[in-house]
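Undergrad: Here it is, the structure, as structure tokens.
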Amino acid sequence: MVKYLWQNTKWMQILLHVAAWLIVFSLPYLLISNFDPNRPKAPDSRSFFYLGTLTGLFWIVTFYFNAFI
């Protein structure tokens with residue numbers, strides 16, 4: 001009888017995927033810098049959010065398409 005490790009359970013795999021995608025989605029917001037006065041004004045926050053969301057969804061679809069095909 002083989003004992004299953006907690007790392008191999010389905011819920012842990014799903015949790016790791018969700019955590020990784022949350023990190024990917026949050027990186028643009030974490031890395032944006034508004035401290036440089038010579039830098040042009042940051043883009044509108046609403047358009048930045050939509051662009052970031054669309055880009056993230058594109059990465060998710062691309063990743064899972066390549067992973068399962």
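We did not get these values from a lab; they are worked out from the coordinates using the rules stated. Predicted model only: the values in this text are computed from it and were never measured.
Undergrad: Figure the gain on full extension for Ile69 and Phe25 (residue separation times 0.36 nm, minus the Cα-Cα span) and round it to one decimal in nm.
TA: The span from Ile69 to Phe25 would gain 13.5 nm if fully extended.
Undergrad: At 0.36 nm per residue, and after removing the present C-alpha to C-alpha distance, how many nm does the segment from Leu54 to Ile14 gain when stretched out fully?
TA: The span from Leu54 to Ile14 would gain 12.3 nm if fully extended.
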